[in-house]
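What follows is a set of notes on a single structure, which appears directly below.
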Ligand code: GCO
């Protein structure tokens with residue numbers, strides 16, 4: 001249906017960031033290093049050898065940032081808490097300066113009528129925890145960290161996300177080596193994934209134990225996957241990727257088990273010896289599948305797959321086709337809003353979450369201020385408009401999407417891409433740390449104010 005679409009009254013409109021990507025102040029206020037400090041300081045891991053030491057200097061400019069958010073009319077803010085600021089040793093000793101920092105941040109949000117959505121883990125595990133996610137103890141340390149956060153912030157924070165994109169924190173980091181700690185071993189990838197899922201379960205328990213009315217969920221980034229052709233081979237490849245990448249994380253949470261097909265694929269490939277790998281201990285799957293209050297979905301693009309081999313079922317790592325040159329963002333990601341709709345529909349049918357939040361969606365474009373200091377990032381607006389229309393259509397189709405968190409509030413440290421990719425609504429001049437809202441920042445404020453947009 002075309003015409004103006006008004007979102008449900010209680011729909012949550014926000015933006016998102018994460019601690020390592022914006023805070024800086026890496027060695028200040030009692031913070032210890034995380035695996036990302038260590039990784040980004042290794043020569044050759046990050047484009048231009050950049051790091052998050054200073055980033056957007058949000059650690060010092062947090063007040064200004066929250067004020068700008070308020071001025072722009074954003075109603076909710078998804079941020080993450082740096083574990084090494086709160087528990088510099090990973091567990092045990094609490095760093096009061098870290099707690100104070102987030103207390104001030106949260107209080108400022110509430111005074112500005114901005115609802116806090118707190119992510120517990122956006123990839124910055126303290127280096128003090130030896131073995132990081134390969135070590136099962138890290139999951140229990142995370143439980144302790146979650147409890148400290150619940151105790152410190154739970155009186156004011158009602159919405160929590162446990163782990164951001166566990167596939168990135170495990171496979172991308174331990175199997176494919178692109179992210180910290182930069183390992184390349186598929187078995188270790190599975191071990192890390194399990195410990196992250198276990199951490200999720202333990203955090204749900206910890207938060208709910210302190211605040212039974214708190215809403216808690218995980219932020220997944222299931223791939224929106226399509227076959228290039230209608231061939232049986234392409235379809236079977238797509239099914240493989242679906243179970244290995246998507247179901248591997250959602251099945252344990254919603255069904256209490258890993259997808260049998262994917263387990264078999266790992267056994268065929270020699271990554272797992274049998275159906276009962278040692279890293280799964282009794283009781284784990286019950287913990288992981290404890291009920292949550294919402295499912296967070298991060299969506300940016302789709303992936304298209306093709307194979308000439310009729311039987312690709314022994315593979316465990318697949319490369320999608322490159323995005324069409326004339327239809328991609330500067331990340332090289334295809335612009336494909338329909339992929340969000342199809343993904344939401346699939347996820348909803350398969351897992352029936354009672355509530356879905358789009359915890360990330362956005363686009364990288366490097367628009368900079370013109371001679372008048374204006375930033376006319378029209379392509380970002382176009383991208384966001386199309387994706388918000390898609391969210392509206394998903395709601396019309398009966399999928400319970402209850403909120404949208406745009407990635408990102410401001411330009412920031414884009415992991416292995418360093419500062420080369422700008423996802424922000426607000427431009428950051430990294431030399432002066434000056435913030436300049438882009439045209440998209442005002443456009444988004446208007447959508448929020450009108451609580452809707454025109455559907456085409
Ligand atoms: C991610 C993130 C963000 C990225 C964003 C753009 O999960 O990868 O949550 O940290 O910056 O997705 O790539």
| said: Full-extension gain between residue 205 and residue 346, please, as 0.36 nm times their residue separation minus the C-alpha to C-alpha distance. | reply: 48.0 nm
| task | Averaging sequence separations of C-alpha pairs under 8 Å and six or more residues apart, then dividing by the length of region 208-338, give the relative contact order as a whole percent. | result | 35
| note | Nearest-0.05 FRET efficiency for residue 308 and residue 260 at R0 = 25 Å, using Cβ-Cβ distance, is 0.35
| message | Can you tell me the length gained on complete extension of the stretch residue 397 to residue 42, counting 0.36 nm per residue apart and subtracting the Cα distance? | response | 123.0 nm
| task | Calculate, axis by axis, the spread of Cα positions in region 20-174 along the three principal axes, and write the results as whole Å, longest axis first. | result | 40, 36, 29
| Rel. contact order, % - alpha carbon contacts under 8 angstrom, at least six apart, the chain | 18
| the chain pair-distance distribution - Cα-Cα, 10 Å bins, rounded % | 4, 21, 33, 28, 11, 2, 0
| field | Antiparallel %, DSSP beta bridges [both residues in the chain], to 5 | value | 20
| query | If you build the Cα gyration tensor of region 296-401 and take the root of 5 times each eigenvalue, what three semi-axes come out, in whole angstrom, biggest first? | reply | 28, 23, 10
| message | Taking 45 Å as R0, compute the FRET efficiency from the Cβ-Cβ separation of residue 431 and residue 232 and round it to 0.05. | response | 0.25
| task | Could you list the residues of region 125-163 with an amide nitrogen less than 11 Å from a label point located 7 Å from the Cα of residue 103 in the Cα-to-C-beta direction? | result | 152-153
| request: Would you mind computing, in nm to one decimal, how far apart the modelled labels at residue 319 and residue 378 are, each placed 7 Å from Cα along Cα→Cβ? | output: 3.6
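We did not get these values from a lab; they are worked out from the coordinates using the rules stated. This structure is a prediction, so every number in the text was calculated from the model and none was measured. Reconstructed Cβ throughout: ideal geometry from the backbone, glycine too, with neighbour counts over all protein chains shown.
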